[in-house]
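To keep things clear, I will list the structure first and then write my remarks on it.
Coordinate-derived values only; no laboratory data. Given the structure is predicted, the values throughout are model-derived calculations rather than measurements. Positions of Cβ are backbone-derived with ideal geometry, glycine not excepted, and every protein chain shown enters the neighbour counts.
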Amino acid sequence: MEALGLVYVASALLIGLGALGTAIGFGTLGGKLLEGSARQPEQAPALQGKMFLMAGLLDAVPMIGVGIAMYLIFAVAPGLAG
C-alpha cells in the first residue's frame, strides 16, 4: 500500500518540478530577449521570432511531465492498489 503513495508523490514532484523549471526558463528567456533588444533594436523582430520558437519548445517539457504523471496515476497506481 505504501507503493501507491509513492506513485502519487512521484507524480506530484514530476508535475511541480517541471512547472518550476519551465517558469525559471521563461523568466530567463524573457530577460535575455529584453537585453538583446536593448542592445540592438534593429534585431528585435528576429530575436522575437526565435524567442517564440524557444517558448514553444520550452512548453513541451511540462506537458510531457503531465503525460507521464497521468500514466503513473491512471495506469500504474490501480495495478498497485488491487
Legend entry - For a label point 7 Å along the Cα-to-beta-carbon line of residue 4, residues of the range 32-76 with backbone N under 20 Å: 69-76
Inset, instruction - Find the Cα radius of gyration of the chain, compare it with 2.2 N^0.38 Å by division, and give the number to two decimals. - result: 1.58
Inset, instruction - Using 0.36 nm per residue of separation minus the Cα-Cα distance, give me the extension gain between residue 70 and residue 52 in nm, one decimal. - result: 3.7 nm
Legend entry - Pair residue 12, residue 39: separation of 7 Å Cα→Cβ label points (nm): 4.3 nm
Legend entry - Within the chain, helix-based [θ] at 222 nm, where runs of 4 or more DSSP H residues each add -39,500 (n - 2.57), nearest 500: -30500 deg cm²/dmol
